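Colleague: If you scroll down you'll find the structure; I have some questions about it.
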Amino acid sequence: MADLIEGHGGDLALAALRAYGVTEMFTLSGGHVFPLYDAAHKSGFGIYDVRHEQSAVFAAEAVAKLQRRPGLAVLTAGPGVTNGISGLTSAFFNAAPVLVMGGRAPAFRWGAGSLQEIDHVPLVAPVTKHAATVTATAAIPAEVARALTAALTPHRGPAFLDVPLEVLFSSEEVAPPADPAVPVIEPDPDDVAGAAALIAGADRPVIIAGSDVWAGGAIDALRAAAEALQVPVFTNGMGRGALPPGHPLAFAKARRPALNEADVVVVVGTPLDFRLGFGEFPAARLVHVVDAPSQRAGHVETVVSPAGDLARILSGLAAYSGDRADHAEWIEGLRAAEDAGKARDAEAMAAQTDPIKPARIYGELRKVLAADAVTIGDGGDFVSYAGRYLEPAQPGTWLDPGPYGCLGTGMGYAMGARVTYPDRQICVLMGDGAAGFSLMDVESLVRQRLPVVIVVGNNGIWGLEKHPMQAMYGYDVAADLQPGLRYDDVATALGGAGETVRKSADIGPALERAFASGVPYLVNVLTDPADAYPRSSNLA
Ligand SMILES: Cc1ncc(C[n+]2csc(CCOP(=O)(O)OP(=O)(O)O)c2C)c(N)n1
Ligand SMILES: [Mg+2]
């Protein structure tokens, strides 16, 4: 029998969390959760604090997504937890194994009107995989283990636990929870064989790989499947960079012809949502490969939908030994479209315009980013351009807000990324509108010595809303921000540094200074407010 663990609720919770590889918490202070701080303080468990609970949950989400283990946010009772709900919802949409531990008003006088007394569980239940109140101190390790197992079990997602004040402050001696065991979902071999035969028999197959391929440790298996069956691969979310940019089957720019002309589209580890035209491809039969049966698309017809461990499914596809149609001509045609798209992009990224167009910022950024840099997008049009022009060289290095599209992830994601990779470049691409949600957390980054580079694409507007509103009504309201605002001065006032850039030739040197500075550094680039990201649907 393993040694008993002993201590207050905070000690017991951390003992269980450590067993799952959790080494830090993101938090904003509140007396209800002091025992968690006490346990961390005594034992060298990391404590990173922020200026808004939303940033704590986003930081935990970044840790979860980048490290593929649970990320922890500790939020105080009531407003602490409610401020974290957009973060929880993002983690839910992004299948990120985040645990939020909330304080909770005392159970023994529940209903009498204690400070910050509210039942959080019904508020967070719809956006978590598991949400519960721990009612006894001795139950804490097992409850934490249960929540983390739920979070880590595909399809992954956040979990929530709150602990009433007296339960967290009391002490107990209990057996530690059993070793972590995350169930593996075995795919149906007939589904895998059916999908392999369909792809092999197709003339114009395409694979689209998303975040769950990264989360499920299936990057190598994806590559093996693509190579074995000779299928062009497009990516989104954390799947970006799954095949290195120079790989003969890696594509990004030829997406439109690929999806319009494909006869079989295989979507792996990402939902058939608006980012993929809801899976309505004109000429294609559809295969949806998902990490759990619950993720199978219900709104479009698929030929087959293998569900389960993605590495096993993709390895199964790679092992296909039957005949295969020749895809060489298809791949060649897409390569020509890809090269043409790249040439167009290169021109835009080099353009010397006044005022600056966002494309040029990315042209300059690409020159200074290392292959393993983590880039983070938080904004509207400015981030759509980042998605188009930045080409992650490795998987697991690109953080976007995902299909929930919540503005304000920037500083939280940056904190989680910096904590994960103390020595890599961490670069946040922010719209000036988005900056308003989390810029105060530059203070947290400065104080805790977590340098990151923040590039603000400052067009003085909520661009992704202003342009569509103009197109729709011929006027716009509630879409303007102060033009030319000195967001770099905000960063400087908070203890960081920064500068404003007005001319395209000055972007590169400013970025060099930013990455060399060793402090949170904001490069405030004034961009053309007339520039609108070209999109087929302008509602987002
Ligand atoms: C929390 C939240 N509020 C509002 C929106 C709606 N929204 C989406 S993009 C956008 C504009 C973003 O403006 P900015 O960050 O300046 O980027 P730009 O489009 O100007 O490049 C807004 C308001 C959202 N997605 N999330
Ligand atoms: Mg803007």
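The values are calculated or read from the model by the stated rules, or taken from the named source; none is laboratory data. Fair warning: this is a prediction, and the values are worked out from it, not measured in the lab. A quick note on method: Cβ atoms are made from the backbone with ideal geometry, for glycine too, and the neighbour counts reach across all protein chains shown. Side chains included, ligands, DNA and RNA excluded: accessible areas come from the protein's heavy atoms. Shrake-Rupley method; radii C 1.70, N 1.55, O 1.52, S 1.80 Å.
Yes or no, residue by residue, for (1) farther than 29 Å from Gly416 by Cβ; (2) buried (at least 17 other Cβ atoms within 10 Å of the Cβ); (3) over 25 Å from the mean Cα position of the chain (by Cα); (4) acidic (Asp, Glu):
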| residue | (1), (2), (3), (4) |
| --- | --- |
| Ala95 | no, yes, no, no |
| Val100 | no, yes, no, no |
| Arg104 | no, yes, yes, no |
| Phe108 | yes, no, yes, no |
| Leu115 | yes, no, yes, no |
| Thr128 | no, yes, no, no |
| Thr135 | yes, no, yes, no |
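Colleague: Taking segment 27-44, which residues are hydroxyl-bearing (Ser, Thr, Tyr), crowded, with 17+ Cβ neighbours inside 10 Å and touching a residue at least 40 places away in the same chain (Cβ under 8 Å)?
Modeller: Across segment 27-44, the qualifying residue is only Thr27.
Each row is one residue, and each column tells you yes or no for (1) small (Gly, Ala, Ser); (2) under 18 Å from Lys342 (Cβ atoms).
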{"position": "Phe234", "(1), (2)": "no, yes"}
{"position": "Arg240", "(1), (2)": "no, yes"}
{"position": "Ala252", "(1), (2)": "yes, yes"}
{"position": "Arg256", "(1), (2)": "no, yes"}
{"position": "Glu261", "(1), (2)": "no, no"}
{"position": "Val267", "(1), (2)": "no, no"}
{"position": "Thr270", "(1), (2)": "no, no"}
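Colleague: Moving on to the next point. Count, please, the residues in segment 439-485 that happen to be out of contact with any helix residue (DSSP H, G or I) (no Cβ under 8 Å at 6 or more places or on another chain), of a type in the set (D, E, K, R) and away from ligand 2 (no atom under 15 Å from the Cβ).
Modeller: 3
Colleague: Got a sec? Which of Ala505, Ala471, Ala479, Ala516 is touching a Lys or Arg at 6+ places or on another chain (Cβ under 6 Å) and either open to solvent by 30 Å² or more (accessible area, probe 1.4 Å) or within 12 Å of ligand 1 (Cβ to nearest atom) (or both)?
Modeller: Ala479
Colleague: Of everything in segment 351-363, what is within 21 Å of Phe515 (Cα to Cα) and open to solvent by 20 Å² or more (accessible area, probe 1.4 Å)? Give them in sequence order.
Modeller: Within segment 351-363, Arg360 is the sole residue that qualifies.
Colleague: Name every residue in segment 388-438 that is among the hydrophobic types (A, V, I, L, M, F, W, C), open to solvent by 10 Å² or more (accessible area, probe 1.4 Å), within 16 Å of ligand 2 (Cβ to nearest atom) and not in a loop (DSSP other than H, G, I, E, B), in order of residue number.
Modeller: Phe437
Colleague: Got a number for residues in segment 392-435 being near ligand 1 (Cβ under 9 Å from one of its atoms) and charged (D, E, K, R)?
Modeller: Selection size over segment 392-435: 1.
Colleague: Report the residue count in segment 354-386 for those that are under 27 Å from Gln54 (Cα atoms), outside any strand (DSSP E or B) and away from ligand 2 (no atom under 16 Å from the Cβ).
Modeller: Going through segment 354-386 one residue at a time, the tally reaches 2.
Colleague: While we're here: Go through segment 152-182 residue by residue and tally those that are open to solvent by 10 Å² or more (accessible area, probe 1.4 Å), part of a strand (DSSP E or B) and of a type in the set (A, V, I, L, M).
Modeller: 1
Colleague: Looking only at segment 239-292, filter to residues that are open to solvent by less than 10 Å² (accessible area, probe 1.4 Å) and part of a helix (DSSP H, G or I); which one of those is nearest to Leu314 (Cα to Cα)?
Modeller: Per the criteria, the residue is Gly239.
Colleague: Right, here's the next one. What single numbered condition from (1) modelled with pLDDT of 95 or more; (2) over 23 Å from the mean Cα position of the chain (by Cα); (3) farther than 29 Å from Glu280 by Cβ; (4) away from ligand 1 (no atom under 16 Å from the Cβ) fails to hold for Arg312?
Modeller: All conditions are met except number (3).
Colleague: Cβ-Cβ distance below 9 Å, separation of 6 or more or different chains: which pairs start in segment 438-461 with a residue that is under 16 Å from Ile376 (Cα atoms) and away from ligand 1 (no atom under 16 Å from the Cβ) and end on one that is among the aromatic types (Phe, Trp, Tyr) and open to solvent by 10 Å² or more (accessible area, probe 1.4 Å)?
Modeller: If the second residue must be among the aromatic types (Phe, Trp, Tyr) and open to solvent by 10 Å² or more (accessible area, probe 1.4 Å), the pairs left are Leu450/Tyr48; Pro451/Tyr521; Val452/Tyr521; Val453/Phe515; Val453/Tyr521.
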